[in-house]
Every structure is written in C-alpha cells, then in structure tokens.
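Asks: Sharing a structure, written as structure tokens. Questions coming.
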Amino acid sequence: MKKLKLIGPISQVLTLDHLPLKGALKDDQLELIEQAGILIEEEKIFQVGKWENLTKQFPEAEIFELKGDYVAMPGMVDCHTHICFGGSRAKDFAMRNAGKTYLEIAQSGGGIWETVTQTRKLSQVDLAKITANHANRHLSEGVTTIEVKSGYGLSVEEELKMLRAIQEAKSLTSADLIPTCLAAHMKPKDFSGTNPEYLEMISTELFPILNKENLTQRIDAFVEKSAFSPDEIKPYFQKAKEMSFDLTVHADQFTVGGSKVALESGALSADHLEASGDEEIRNLAQSNTLAVALPGASIGLGCSFTPARKVLDQGGALAIASDWNPGSAPMGDLLAQASILATFEKLSTAEVLAGITFRAAAALGLADRGKLTQGQLADFILFPTKDYREILYHQGKMKPMEVWKSGSKEVRKTGGMDALKSGVR
Ligand SMILES: [Zn+2]
C-alpha cells in the first residue's frame, strides 16, 4: 500500500459524481457528502466518504485536519486562455469605453497587433515567467488546469517561441498547462501574401515542428470576418487532422460561420458563440462538440453573453472559460465570470460547477479530472463555508482557502495582485 493522505473533516464535499456530460442540470442532482474526508494516494483520489468511517478504516493515513467549516469541490479547469503575452491594452479599453470603434482603435495602433508587437519584443525566458505568473495567480484562486494559446507570434519563429515559453512555464507552476497553437489568430501585418497563403505556410512549416518537439496536440483558429473565413480554415483544419491534432475554434463571436466549421471538422469545442442563432445552437447541441461560453469577453467588450441557457436546454454540453487575454478579457477571474454568467443566463449551480470542472476538462479531451471520484487526479479546492451555494453567491469574492493539485497542498506563490505588481504582466 502506498502512502495515504486524509484531508478533513469537510462540511460538504461536492463530488460532481453521476452528472452527465451533456444537458441541463438541477441542483438536487449534485452529490453532497457531509462531514466528509478526501483520501488520496499519491496524485490521485482513493476514496471520498464520511470522515468517521475513513479515519477508522485507514488509521495509517497521514491526517491533514481542518478546523472550521469548509466546502470542497474539484479544482477548476479553464479551457480557454491567452495568458502568454506581453504588454497591456489599457489604452484600447479606455478608447472603447469612450465610444471609439474597432477601426479607430486599430488605426491608433491598438488591437491584437499591438499585443503581437509587445510579445515579439520579449525573450522566451521572460515570456515563460509572465505565463507562469498568470498561471500561479489562477492556481491560487483554485484553477488547477489551464489551457494556454499561442497566437501573438504569428510567424513560424515567433509562434515557436510562444509555445516553447509555455512548455518552459510548466516548470514554474504546479498548475497543468495545456498548450494550443493559435497561429491562425489573424494574418500578420508583415506577411505580404493572402490569407490562404499564410495558412499554407503555417501548416507546412510550423505543424511538423509542433509534432516533432511535442509542443502541442491542439490547433485553434479565429473564424471571423476580421480574421479567417470558414472556406479558408477548412483546408487548414484538414491538414491539422491528417497530422492527428485536436481542433478547437473561436466561433460565432461577432458573425456566424465558425460553429459550422467546428462541427464539420469534428472539433472538440466551439468557443464564444455570442452571435449564434437558434439553428447554430441546435446543431451544436446535437453534436459531440462542446460549447464554451466566455463571459469575460462579454464583460470586457460590453457585448451580449453566449446563449448558455439555450445550449443546455437543447441538450448540449456547456463549459465556461475565462478567455483571459490583454485585449477583450483582462480580468482573468473564472469564478467571478462564471457567477455573473449564471445570473444573466439563469444557470443552476450544478450547471456552472460542471461547466468549470469536468465539462471544461472534456473540452480539452481530458477525462482524468473534474470530479472527486476514485482514480481521478486529486485536484480539489476548499472554500471557507458550510454551504456550497455560497461559492457562486459571492460572485467570485470568496476564494478557496486551500488548493490541492495532484495530491499536494499548494503554497501560495503569487497571490492576488502580486502578479500585477511584478511588472511582467
Ligand atoms: Zn480567445
């Protein structure tokens, strides 16, 4: 028998066991174990049960005793972020709120290209540190798995720098980082050819290196009028599929078209969907592609939210992610954003918690996390309350007191505003 750790007693453990991947959920479907303990063996959950029983059954376990009231739930999974970047877009934010248009902001040197310029100026080492700083802030707030996109390099060399920086950041954080190549974010201003020529260059020159260096298993694309059309992305995705990459799409954010590409290409997820109509939502709900709502982008841009209620009522699988990025979603607070989405879209607590745990893990193709059941990774967080409903009620202000990642208790590295003050944001 390997070494066991037993954490408790815990007022309520939300295991999220027995919940389906798809469809609407009611709060009475939530499995709540009261006066419970979590028994872990190495990096995995061994058993979750009544504290009294576990202490008797496993007297050899090392006890991590808790004083006071706590609610435990699985560590959060953020399945869509852009936390590897240089610079700030505070100027864009102020201009947008002052009524300037997208075009006016771009003409004054703002937009994605500004972040590309700032990111290209940084070394791989500095970029790795910034990424890890963001990841550690997320981890201290209970996010134990974080997807991270490239997409501010936009050349073979600069995209490689970003993806290598994300790899390097893995050694600077205990959070699991899942890299995604978003070279198809926009056609770079310094590329003289057409959109299809740019995509052709990326797929023939960059994709083989991604495979060879094992830098990512995932390819993303921004399908939008201002970026790439569905017809331009289809052959790009075809190539990615032939090379065994998983696909995900920035879809239907301002205009529709992207979610259809996601379904036709068998993408793991279609993210954004603020502009999706009833037909898009119905087709998505009937597919195996997850819908990912990004309330942080709606809050950052002052746009409508993803029709999350409709996705669930039609039987679809809904994940919620932060979209943390310097332009449209600078907040980077998954719990706050998910709580706000819940009030606007009328989502049950069960639907929100599923959307930031096992359903988000499924959007990344991960089945080993997101529930507190035997064999799952021992990623869990403890909130200082005795009622699980308080977690969303405080709209993100209540943070977990303890974060456990792969069976180890995390020590706060950069908490709260430290990452902002460090000057490398
Ligand atoms: Zn995004």
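The values are calculated or read from the model by the stated rules, or taken from the named source; none is laboratory data. From a predicted model like this one, the values you see are computed outputs, not experimental measurements. Please note: Cβ atoms are built from the backbone with ideal geometry, for glycine as well, and neighbour counts cover all protein chains shown. What goes into the accessible areas is simple: the full protein's heavy atoms, side chains included, and nothing from ligands, DNA or RNA. Shrake-Rupley method; radii C 1.70, N 1.55, O 1.52, S 1.80 Å.
Asks: Starting from residues that are modelled with pLDDT of 95 or more and exposed (fewer than 13 other Cβ atoms within 10 Å of the Cβ), keep the ones in the stretch 100-123 and report whichever is farthest from Phe222 (Cα to Cα).
Replies: Ser123
Yes/no matrix, rows are residues, columns are (1) open to solvent by less than 10 Å² (accessible area, probe 1.4 Å); (2) touching a Lys or Arg at 6+ places or on another chain (Cβ under 6 Å); (3) β-branched (Val, Ile, Thr); (4) assigned to a helix (DSSP H, G or I):
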position	(1), (2), (3), (4)
Val125	no, no, yes, yes
Ala132	yes, no, no, yes
Ala135	yes, no, no, yes
Glu159	yes, no, no, yes
Arg164	no, no, no, yes
Ser171	no, no, no, yes
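Asks: Return the pairs, sorted by first residue and then second, in which the second residue is open to solvent by less than 40 Å² (accessible area, probe 1.4 Å) and in a strand (DSSP E or B), the first residue lies in the stretch 1-21 and is more than 18 Å from Gly75 (Cβ to Cβ) and among the hydroxyl-bearing types (Ser, Thr, Tyr), the beta carbons are less than 8 Å apart, and the residues are 6+ apart or on different chains.
Replies: The qualifying pairs are Ser11/Val71.
Asks: Give the residues of the stretch 175-199 that are more than 16 Å from the ligand (Cβ to nearest atom), under 20 Å from Arg218 (Cβ atoms) and either touching a Pro at 6+ places or on another chain (Cβ under 9 Å) or assigned to a loop (DSSP other than H, G, I, E, B) (or both), sorted by residue number.
Replies: Ala175, Tyr198, Leu199
Asks: State all residues of the stretch 268-286 that are out of contact with any Phe, Trp or Tyr (no Cβ under 8 Å at 6 or more places or on another chain), surrounded by 18 or more Cβ atoms within 10 Å (Cβ to Cβ) and either closer than 19 Å to Leu199 by Cα or small (Gly, Ala, Ser) (or both); if no residue qualifies, say none.
Replies: Within the stretch 268-286, Ser269, Ala270, Ser276, Ala285 meet the criteria.
Asks: Please specify each residue of the stretch 215-237 satisfying the condition of being open to solvent by less than 40 Å² (accessible area, probe 1.4 Å), of a type outside the set (A, V, I, L, M, F, W, C) and outside any loop (DSSP other than H, G, I, E, B).
Replies: Hits for the stretch 215-237 are Arg218, Asp220, Tyr236.
Asks: Considering each residue of the stretch 246-265, count those that are in contact with a strand residue (DSSP E or B) (Cβ under 7 Å, 6 or more places away or on another chain) and either within 15 Å of the ligand (Cβ to nearest atom) or open to solvent by 10 Å² or more (accessible area, probe 1.4 Å) (or both), and give that number.
Replies: Summing the residues that are in contact with a strand residue (DSSP E or B) (Cβ under 7 Å, 6 or more places away or on another chain) and either within 15 Å of the ligand (Cβ to nearest atom) or open to solvent by 10 Å² or more (accessible area, probe 1.4 Å) (or both) in the stretch 246-265 gives 13.
Asks: Separate question: Within the stretch 312-331, count every residue that is closer than 12 Å to His138 by Cα and more than 12 Å from the ligand (Cβ to nearest atom).
Replies: Adding up the residues that qualify gives 1.
Asks: Same structure, new question: Among (1) part of a loop (DSSP other than H, G, I, E, B); (2) of a type outside the set (Lys, Arg); (3) under 20 Å from Lys386 (Cα atoms); (4) without any contact (Cβ under 8 Å) to a residue 40 or more places away in the chain, there is one condition Gly68 misses while meeting the rest; what is its number?
Replies: Just one mismatch for Gly68, condition (4).
Asks: Can you work out which of the residues in the stretch 349-384 that are open to solvent by 10 Å² or more (accessible area, probe 1.4 Å) and over 30 Å from Phe245 (Cα atoms) is farthest from the chain's Cα centre (by Cα)?
Replies: Only one residue tops the list, namely Pro384.
Asks: Taking the stretch 72-97 only, how many residues are of a type in the set (A, V, I, L, M, F, W, C) and either more than 29 Å from the chain's Cα centre (by Cα) or surrounded by fewer than 23 Cβ atoms within 10 Å (Cβ to Cβ) (or both)?
Replies: The number of residues fulfilling the criteria is 4.
Asks: List the residue pairs whose Cβ atoms are under 6 Å apart, where the first residue sits in the stretch 148-163 and is farther than 16 Å from Ala221 by Cβ, the second is assigned to a helix (DSSP H, G or I), and the two are 6 or more positions apart or on different chains.
Replies: Val148/Ile166; Val156/Glu205; Val156/Leu206; Glu158/Arg120; Lys161/Gln124
Asks: While we're looking at this one, here's another question. In the set Glu159, Glu168, which member is more than 16 Å from the ligand (Cβ to nearest atom), more than 16 Å from Val77 (Cα to Cα) and at pLDDT 95 or above?
Replies: Glu168
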